[in-house]
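Take a look at this one; I'll ask things after.
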Amino acid sequence: MSQPAPPTQAITASFRDPAGSLFRYQGRVLRVVNAIGVADLEAFLASPAGRKSMAAGAVVPTRALDAAECRELLADISVRELYDARGGQMILEHEQVDFPSFPYEWNAEMLHAAALLTLDLAQALLADGLGLKDGTPYNILFRGPEPVFIDVLSFERRDPGDATWLPYAQFVRTFLLPLLANQAYGLGLDQTLTTRRDGLEPEEVYRWTKPWQRLRPPFFGLVAMPTWLGGKHKQDDTSIYRKKLLSDPEKARYILDHLLNGLRRTLQRLKPVAGTHSVWSDYMTTNNNYTADHFQAKQRFVGEALAEFRSRRVLDVGCNTGHFSAIAARSGAKVVALDYDPVVLGDVWRNARQEKLEILPLAVNVTRPSPGTGWRNLECASFLDRARGKFDAVLMLAVIHHMLVTERVPLADIIDLAAELTTNLLVIEFVAPDDSMFRRLTRGREELHQDLTPELFETLAGRHFEIVRMQYVEGTTRRLYLLRKRT
Amino acid sequence: MPKQPAKQFLNLPMRAVFLMALAMFATEREARAYTDPGTGALIWQMAVAGLVGVGFYFRRITAWFKNRKGPKD
């Protein structure tokens, strides 16, 4: 097989949308819009529902650049080339979303919230004669725990007689079936969405179902009927794709409302519930190693460190229920909270939303972080490419023993990675091999970690960081370090 | 929020859909490899839309009768 040619374009831009391309330029998020997209976009920007959804933060604030601003941008040859290649007619600038995340890093609660936002917008826009061209979670990013719709080229003017919601199948594939697979089979979104850009096919889920399940809602309408009908359809018959317009707009609207309300009910049925249990969900209440006094001392240590150095962007690695993420967020920081257990992250998301804390929970295992995905691995950047140098404080609390023992990552590499992620602080808990939790993980392979001493830790940390202070947490087996990156 | 259709209009069509499904279930066959991904869902959407459309006229007729009765009361 011949190797594909290397990319020649100076600017990497999105390419799937026929109406335009998104690109980053000097830290700005810009979008070229061509002749296909201009009229629909202008209709959206001028519509009451469009303005309202932007003001409310449901759609990312966006403005069209004026002629002078465009001229200035187009003076750069790489922007000019992109603009010309895509037939550009206007350039938009979007407000930045701090940390882009992708559906395969979300928990089920977040996909549910994104689906609800999609339906809310689809229904709100109907009153202004507008609709959605597509229904995919890639139209949405999260700011803290709140979803925001970012693809303003997804909006289009609708024919009042059109009773078909064209994004229906995609909405089912990318939102409802992954939620169904999560609820019915416990499949995380990383399992269903990392390798599937356009979600789960009904035919795929059909094979997992029991015969009796197929007749029960929501399997019946989401899985069984589409599979049976699709299987019986003559493949050469393309008549079903032709746009069918009803002569009575009132009837079309009635049908459309019924359909969208039906999807809303199905979505409600697939809503993840609080109180689900997983291996790690009870860690904070029963399954940890700390006495109340020690835990309070640990909280104080972290809180004081973040306050002293005024940390504004915090990455919490192995956040569990998000206790320390919440401490950081309450002190005014924007937090990205990572854990590989999407069930505990569901609680983190719920709490953050309730308390209005700027916490973005992501189901990312830092020892196996999300790869770059899509065409040339460039459409969605890898987690590390998005995270490097984006945080002024990284928390690694009660987590390194999991990385050392379960994942077999050497201590030096863990500290190297932390130094890549943070620009300033690292608050890290050193867990010695004679700690009871450490021993629980080693399961008799203690000799593999014999050389792991606090002295070794301090030597390795010293390559990138200076030790600001250290505090024992639990007896002498755990130590908290506040480290500051050498400049 | 758009107005939700009353439950009673749903029941009859949904029952018909269910019977239709049972009939299809009895004659089920393997899905073909090249089935267009969105085809089944699109046909299903149109089938439901057809039934809801019937419900729409049914609602219009009942509304008309109610309006006729109204002035006499």
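The values are calculated or read from the model by the stated rules, or taken from the named source; none is laboratory data. Only a predicted model underlies this, so the values are computations on that prediction, with no experimental measurement involved. Cβ sites come from the backbone with ideal geometry, for glycine too, and all protein chains shown count toward neighbours.
State which residue is modelled with the lowest pLDDT when the search covers only the range B:37-73 and only residues that are facing another protein chain (nearest Cβ under 7 Å) and not in a helix (DSSP H, G or I).
Ranking the qualifying residues of the range B:37-73, first place goes to B:PRO37.
Moving on. Which is under 24 Å from A:ASP339 (Cβ atoms), of a type in the set (A, V, I, L, M, F, W, C) and without any contact (Cβ under 8 Å) to a residue 24 or more places away in the chain, of A:ILE467, A:ILE414, A:ILE400?
Details: A:ILE467 fails: under 24 Å from A:ASP339 (Cβ atoms); A:ILE400 fails: without any contact (Cβ under 8 Å) to a residue 24 or more places away in the chain.
Sole residue among the options that is under 24 Å from A:ASP339 (Cβ atoms), of a type in the set (A, V, I, L, M, F, W, C) and without any contact (Cβ under 8 Å) to a residue 24 or more places away in the chain: A:ILE414.
Here are some conditions: (1) touching a Leu at 6+ places or on another chain (Cβ under 7 Å); (2) assigned to a helix (DSSP H, G or I); (3) at pLDDT below 95. A:VAL473 meets all but one. Which one does it not meet?
Here A:VAL473 clears every test but (2).
Confirm whether A:GLY275 is in a loop (DSSP other than H, G, I, E, B), at positive phi, surrounded by 20 or more Cβ atoms within 10 Å (Cβ to Cβ) and not basic (Lys, Arg).
Numbers: in a loop (DSSP other than H, G, I, E, B): yes; at positive phi: yes; surrounded by 20 or more Cβ atoms within 10 Å (Cβ to Cβ): no; not basic (Lys, Arg): yes.
No.
A further question follows. Only one of these is assigned by TED's automatic domain parsing to the domain that holds A:GLU304, in contact (Cβ under 8 Å) with a residue 12 or more places away in the chain and in contact with a Gly (Cβ under 6 Å, 6 or more places away or on another chain): A:SER382, A:SER436. Name it.
Working: A:SER436 fails: in contact with a Gly (Cβ under 6 Å, 6 or more places away or on another chain).
Just one listed residue meets the conditions, A:SER382.
Considering only residues that are of a type in the set (Asp, Glu) and either outside any loop (DSSP other than H, G, I, E, B) or crowded, with 20+ Cβ neighbours inside 10 Å (or both), which ones fall in the range A:404-427?
If the condition is that a residue be of a type in the set (Asp, Glu) and either outside any loop (DSSP other than H, G, I, E, B) or crowded, with 20+ Cβ neighbours inside 10 Å (or both), then A:ASP413, A:ASP416, A:GLU420 are the ones that fit.
Looking only at the range A:241-252, count how many residues are under 36 Å from the mean Cα position of the chain (by Cα), more than 8 Å from every other protein chain (Cβ to nearest Cβ) and assigned to a helix (DSSP H, G or I).
Final tally of qualifying residues: 1.
Quick one: which residue in A:LEU395, A:LEU360 is under 24 Å from A:LEU480 (Cα atoms) and either in a loop (DSSP other than H, G, I, E, B) or in contact with a Phe, Trp or Tyr (Cβ under 8 Å, 6 or more places away or on another chain) (or both)?
On the way: A:LEU360 fails: under 24 Å from A:LEU480 (Cα atoms).
Every option except A:LEU395 fails the conditions.
So for the range A:184-203 (the condition being under 30 Å from A:ARG63 (Cβ atoms) and more than 16 Å from the chain's Cα centre (by Cα)), does at least one residue qualify?
Here is the first cut: in the range A:184-203, the residues under 30 Å from A:ARG63 (Cβ atoms) are A:197.
Now restrict to residues that are more than 16 Å from the chain's Cα centre (by Cα): none.
So far as the range A:184-203 goes, no, none of its residues is under 30 Å from A:ARG63 (Cβ atoms) and more than 16 Å from the chain's Cα centre (by Cα).
Let me ask something else about it. When you look at A:MET225, is it of a type in the set (A, V, I, L, M), surrounded by 15 or more Cβ atoms within 10 Å (Cβ to Cβ) and at pLDDT below 80, yes or no? Full working, then the answer.
Working: of a type in the set (A, V, I, L, M): yes; surrounded by 15 or more Cβ atoms within 10 Å (Cβ to Cβ): yes; at pLDDT below 80: no.
Considered against the rule, which asks whether it is of a type in the set (A, V, I, L, M), surrounded by 15 or more Cβ atoms within 10 Å (Cβ to Cβ) and at pLDDT below 80, A:MET225 comes out as no.
Anything in the range A:31-57 that is out of contact with any Phe, Trp or Tyr (no Cβ under 6 Å at 6 or more places or on another chain), on the phi < 0 side of the Ramachandran plot and outside any helix (DSSP H, G or I)? List them, or say none.
Result: A:ARG31, A:VAL33, A:ASN34, A:SER47, A:ALA56.
Let me ask something else about it. Restricting the range A:457-487 to residues that are buried (at least 18 other Cβ atoms within 10 Å of the Cβ) and hydroxyl-bearing (Ser, Thr, Tyr), which is farthest from A:PRO433 (Cα to Cα)?
Ranking the qualifying residues of the range A:457-487, first place goes to A:TYR481.
For the range A:233-240, state whether one or more residues are at pLDDT below 95, within 14 Å of chain B (Cβ to nearest Cβ) and surrounded by 12 or more Cβ atoms within 10 Å (Cβ to Cβ). First the steps, then the outcome.
Restricting attention to the range A:233-240, the residues satisfying the condition of being at pLDDT below 95 are A:233-240.
Next cut, within 14 Å of chain B (Cβ to nearest Cβ) only: A:233-240.
Next, only the ones that are surrounded by 12 or more Cβ atoms within 10 Å (Cβ to Cβ) stay: A:233, A:240.
Yes, the conditions are met somewhere in the range A:233-240.
If I filter the range A:190-207 for residues that are part of a helix (DSSP H, G or I), under 30 Å from A:GLY372 (Cβ atoms) and polar (S, T, N, Q), do I get at least one hit?
For the range A:190-207, residues part of a helix (DSSP H, G or I), under 30 Å from A:GLY372 (Cβ atoms) and polar (S, T, N, Q): present.
Let's see how each residue does on (1) touching a residue at least 40 places away in the same chain (Cβ under 8 Å); (2) surrounded by fewer than 21 Cβ atoms within 10 Å (Cβ to Cβ); (3) assigned by TED's automatic domain parsing to the domain that holds A:GLU146; (4) not acidic (Asp, Glu):
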site	(1), (2), (3), (4)
A:GLN26	no, yes, no, yes
A:VAL32	yes, no, no, yes
A:ALA56	no, yes, no, yes
A:ALA67	no, yes, no, yes
A:ASN107	yes, no, yes, yes
A:ALA115	yes, no, yes, yes
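Within the range A:185-211, can you find the residues that are aliphatic (A, V, I, L, M) and either within 13 Å of chain B (Cβ to nearest Cβ) or touching a residue at least 12 places away in the same chain (Cβ under 8 Å) (or both)?
The first filter runs over the range A:185-211 and keeps only residues aliphatic (A, V, I, L, M), leaving A:187, A:189, A:193, A:200, A:205.
Hits for the range A:185-211 are A:LEU189, A:LEU193, A:LEU200, A:VAL205.
For A:PHE430, are the conditions met, namely being assigned to a helix (DSSP H, G or I) and surrounded by 20 or more Cβ atoms within 10 Å (Cβ to Cβ)? Full working, then the answer.
Numbers: assigned to a helix (DSSP H, G or I): no; surrounded by 20 or more Cβ atoms within 10 Å (Cβ to Cβ): yes.
In short, no.
State which residue is nearest to A:ALA35 (Cα to Cα) when the search covers only the range A:69-87 and only residues that are without any contact (Cβ under 8 Å) to a residue 60 or more places away in the chain and outside any helix (DSSP H, G or I).
A:GLY87
Next question, about the same structure. Pull out all pairs, ordered by first then second residue, where Cβ-Cβ is under 7 Å, the residues are six or more apart or on different chains, the first lies in the range A:353-378 and is farther than 17 Å from A:PHE324 by Cβ, and the second is of a type in the set (S, T, N, Q) and outside any loop (DSSP other than H, G, I, E, B).
A:PRO371/A:ASN377
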